[in-house]
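The structure appears below as structure tokens.
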Amino acid sequence: MLTRIRNAVTAEHDSVPIPASKMKISIAELLKNEGFILGYELEETGGPQRGIKVFLHYHDRGDPGIAGLKRVSRPGLRVYVRKGEIPRYFGGLGVSFLSTSQGVMTGRDAWKKGIGGELLCYVW
């Protein structure tokens with residue numbers, strides 16, 4: 001999902017289709033809440049497959065709302081952080097996304113709730 005969004009921003013597309021899952025829907029919701037994307041909609045295709053169409057955000061000057069995405073945890077090397085180890089990316093200008101026992105949330109929200117989890121990615 002992150003690579004598709006990164007490539008679409010680089011190519012200056014208005015939207016990008018992504019195969020849906022619960023995790024991807026949660027990440028899309030957080031990206032919308034943080035102002036990185038305009039929104040998303042769930043698409044029902046012909047079969048049992050569902051998709052998400054993510055609408056990308058661009059500023060007046062044509063600069064993308066997402067300047068960068070960095071995946072941290074990956075299948076070959078999972079990265080977990082405790083509540084006191086949650087990083088602030090770019091001194092607080094970037095947002096970290098965590099998968100916690102209470103769902104996917106930003107690093108700031110996880111820190112406020114006092115829980116840790118798997119560090120998924122950084123967005124700035």
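The values are calculated or read from the model by the stated rules, or taken from the named source; none is laboratory data. As the structure is a computational prediction, the values presented were derived from the model and not from experiment. All Cβ positions, even for glycine, are placed from backbone atoms using ideal geometry, and neighbour counts span all protein chains on display.
Does at least one position in the stretch 105-113 carry a residue that is touching a strand residue (DSSP E or B) at 6+ places or on another chain (Cβ under 9 Å) and assigned to a strand (DSSP E or B)? Explain how you work it out, then say what you get.
From the stretch 105-113, those touching a strand residue (DSSP E or B) at 6+ places or on another chain (Cβ under 9 Å) are 105-110, 113; that's our starting set.
Subsequent filtering for residues that are assigned to a strand (DSSP E or B) retains 105-106.
Scanning the stretch 105-113 turns up at least one residue that is touching a strand residue (DSSP E or B) at 6+ places or on another chain (Cβ under 9 Å) and assigned to a strand (DSSP E or B).
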### Query
Are any residues in the stretch 1-24 buried (at least 16 other Cβ atoms within 10 Å of the Cβ) and hydrophobic (A, V, I, L, M, F, W, C), and if so, which ones?
MET1, LEU2, ILE5, ALA8, VAL9, VAL16, ILE18, ALA20
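Is it the case, given these coordinates, that HIS13 is outside the structural domain of VAL123 (by TED's automatic domain parsing), over 14 Å from the mean Cα position of the chain (by Cα) and not hydroxyl-bearing (Ser, Thr, Tyr)? I'd like the intermediate steps shown before the answer.
Values: outside the structural domain of VAL123 (by TED's automatic domain parsing): yes; over 14 Å from the mean Cα position of the chain (by Cα): yes; not hydroxyl-bearing (Ser, Thr, Tyr): yes.
The answer is yes for HIS13.
Can you give me the number of residues within the stretch 92-106 that are closer than 16 Å to GLU34 by Cα and either touching a helix residue (DSSP H, G or I) at 6+ places or on another chain (Cβ under 9 Å) or without any contact (Cβ under 8 Å) to a residue 24 or more places away in the chain (or both)? Reasoning before the result, please.
Kept after step one, since they are closer than 16 Å to GLU34 by Cα, are these residues of the stretch 92-106: 92-98, 104-106.
The next check asks that each one be either touching a helix residue (DSSP H, G or I) at 6+ places or on another chain (Cβ under 9 Å) or without any contact (Cβ under 8 Å) to a residue 24 or more places away in the chain (or both); those that pass are 92, 95-98, 104-106.
Matching residues across the stretch 92-106 total 8.
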### Task
From PHE90, PHE97, PHE36, grab the single residue that is aromatic (Phe, Trp, Tyr) and assigned by TED's automatic domain parsing to the domain that holds ALA11.
PHE36
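Name the residue, out of ILE66, ILE27, ILE5, ILE52, that is within 21 Å of LEU120 (Cβ to Cβ), of a type in the set (Val, Ile, Thr) and without any contact (Cβ under 8 Å) to a residue 60 or more places away in the chain.
On the way: ILE66 fails: without any contact (Cβ under 8 Å) to a residue 60 or more places away in the chain; ILE27 fails: without any contact (Cβ under 8 Å) to a residue 60 or more places away in the chain; ILE5 fails: without any contact (Cβ under 8 Å) to a residue 60 or more places away in the chain.
The conditions single out ILE52.
Do the conditions hold for GLY91, that is, is it loosely packed, with under 11 Cβ neighbours inside 10 Å, assigned to a loop (DSSP other than H, G, I, E, B) and modelled with pLDDT under 95?
Details: loosely packed, with under 11 Cβ neighbours inside 10 Å: yes; assigned to a loop (DSSP other than H, G, I, E, B): no; modelled with pLDDT under 95: yes.
Judged against the criteria, GLY91 is not a match.
Every residue, every condition in (1) under 18 Å from MET1 (Cβ atoms); (2) among the charged types (D, E, K, R); (3) in contact (Cβ under 8 Å) with a residue 24 or more places away in the chain, yes or no:
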position	(1), (2), (3)
ASN33	yes, no, no
VAL79	yes, no, yes
ARG108	no, yes, no
GLY114	no, no, yes
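Yes/no matrix, rows are residues, columns are (1) modelled with pLDDT under 95; (2) out of contact with any Leu (no Cβ under 7 Å at 6 or more places or on another chain); (3) assigned to a loop (DSSP other than H, G, I, E, B):
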residue: GLU12; (1), (2), (3): yes, yes, yes
residue: GLU29; (1), (2), (3): no, yes, no
residue: LYS32; (1), (2), (3): no, yes, no
residue: GLY35; (1), (2), (3): yes, yes, yes
residue: GLY39; (1), (2), (3): no, yes, no
residue: GLU43; (1), (2), (3): yes, yes, no
residue: PRO48; (1), (2), (3): yes, yes, yes
residue: PHE55; (1), (2), (3): no, no, no
residue: ILE66; (1), (2), (3): yes, yes, yes
